[in-house]
Amino acid sequence: RVILILVVACVVSFWYSYSYDHKQKMKSLKAYALGDLSIFIVFGPLVVLFVKHSVFSEYNVTSNSEYGFLAGLFGLQAVAILHANNMRDFDTDKSVGVITLAHLIGRDGSPYYFHGLLGLQYLVVAAMLLLDYGSYRLVLVICCLPWSIYLIRMLNKFYATNHELLRDLPKKTAQHNLFFVTLVGLGYSSPQFFARFLVGILFYLGGVNNTLTFNYQKFLVCEKLMNIFPIIFKASEMGPEKQLVISPFEPFNVRIASLALAGTIMLQTPTSLMFMLGIYPKVNALIMILFLVPVTLTVHDFWSVEEDLDKPVLHQRYQKKIAVNQRQIPTFPTQFDSEFVHFFKNVGMIGGLVMYLVLEHESDFFEYA
């Protein structure tokens with residue numbers, strides 16, 4: 001069954017992606033306005049069937065009707081991304097003879113179809129809750145509602161003018177769907193995993209962000225380390241009284257910071273991931289605490305902010321920009337506020353990890369007794 005499902009998925013995917021050839025006179029499914037249907041089948045029922053027969057074939061974890069709801073949900077998400085892409089490329093596709101469902105619906109009706117695809121996702125989850133599928137935690141998908149409203153506003157505002165911001169609609173729709181399906185996954189998870197996920201996810205994403213922005217973060221770490229351990233850094237600049245002044249961005253200093261940052265990434269990323277997955281969770285929770293304490297005191301030293309680099313803009317004249325949501329007022333008006341909030345955010349993470357260790361210890365004690 002698994003092999004058959006894979007073969008069908010490959011055939012449909014190939015036919016969908018087959019490019020138009022003027023000599024062979026052959027078009028893909030997308031060119032016949034069947035792209036939405038083929039993508040729905042591949043990423044909905046076929047994906048769910050593959051998971052069911054390859055992972056859960058020996059376990060009666062859920063009913064067939066519940067699999068049907070999940071297949072419909074995943075299929076709707078894939079179609080929403082495709083339709084966002086088709087709306088963006090409405091004129092381009094038409095110029096090469098490709099007729100998508102967006103063309104059949106029309107330029108006026110396409111946005112409403114997109115609205116419906118987003119709304120149906122919530123209706124599917126609501127039906128699953130009414131039928132007692134999953135758990136009450138599926139109601140978490142309501143957290144994605146502001147993001148859905150943002151996508152709808154973006155489409156309504158820029159679709160008629162084909163604004164440059166509309167080019168990001170497929171990407172933003174995919175990001176929205178990733179968040180949505182993550183919340184659905186948490187709704188199906190155990191309470192223990194759900195709690196570990198909430199505590200460890202920020203720690204894990206911090207490691208991912210440090211990896212993606214390594215060239216920026218190494219200079220930030222270099223500056224922070226120099227404030228705490230100035231003796232290990234080289235002095236290269238001459239002060240006004242002919243005294244050596246420490247320069248934080250000397251090559252030697254940056255190399256030290258790069259090594260420290262690389263060690264940080266190698267520690268926090270696998271540790272947080274294993275904690276969330278329940279692999280030696282108590283050991284990894286302790287490692288995360290021992291890591292967070294010095295990092296919090298070193299990086300988010302709000303007491304050392306001597307002058308605010310980020311000036312409040314409330315006194316400036318408010319100028320409306322071409323955007324869906326206005327973002328001219330910063331979340332943190334000053335650098336002190338930013339460091340202060342991040343410091344106590346880390347304190348809250350440490351508190352959550354300590355509470356986890358205490359509760360796990362009590363659970364082990366009562367189980368042993």
(message) Could you put Met87, Met266 in order of accessible surface area, largest first, with the 1.4 Å probe and the full protein assembly present?
(response) Met266, Met87
(message) Taking a ≥ b ≥ c as the square roots of the Cα gyration tensor eigenvalues, with a/c under 1.5 meaning rounded and otherwise prolate when a/b beats b/c, else oblate, which class fits segment 111-152?
(response) oblate
(request) Calculate one ³J(HN,Hα) per residue across segment 206-212 by plugging θ = phi - 60° into the Karplus curve 6.51 cos²θ - 1.76 cosθ + 1.60, and present them in order as whole Hz with x for glycine and proline. (result) x, x, 5, 5, 4, 5, 5
(request) Filter the cross-link list Lys172/Lys282; Lys52/Lys172; Lys94/Lys172; Lys218/Lys282 down to pairs whose alpha-carbon distance in this structure exceeds 27 Å. (result) Lys172/Lys282; Lys52/Lys172; Lys218/Lys282
(message) Along each principal axis of its Cα atoms, how long is segment 122-222 end to end? Whole angstroms, biggest number first, please.
(response) 53, 45, 15
(request) Kindly write out, for segment 268-284 in residue order, the coupling ³J(HN,Hα) from the Karplus curve 6.51 cos²θ - 1.76 cosθ + 1.60 (θ = phi - 60°), rounded to whole Hz, with x marking Gly and Pro. (result) 6, 5, x, 5, 5, 5, 5, 4, 5, 7, x, 8, 6, x, 5, 5, 5
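The values are calculated or read from the model by the stated rules, or taken from the named source; none is laboratory data. Since the model is a prediction, treat every value here as computed from it, not as a measurement. All accessible areas refer to the heavy atoms of the entire protein, side chains included, with ligands and DNA or RNA removed. Shrake-Rupley method; radii C 1.70, N 1.55, O 1.52, S 1.80 Å.
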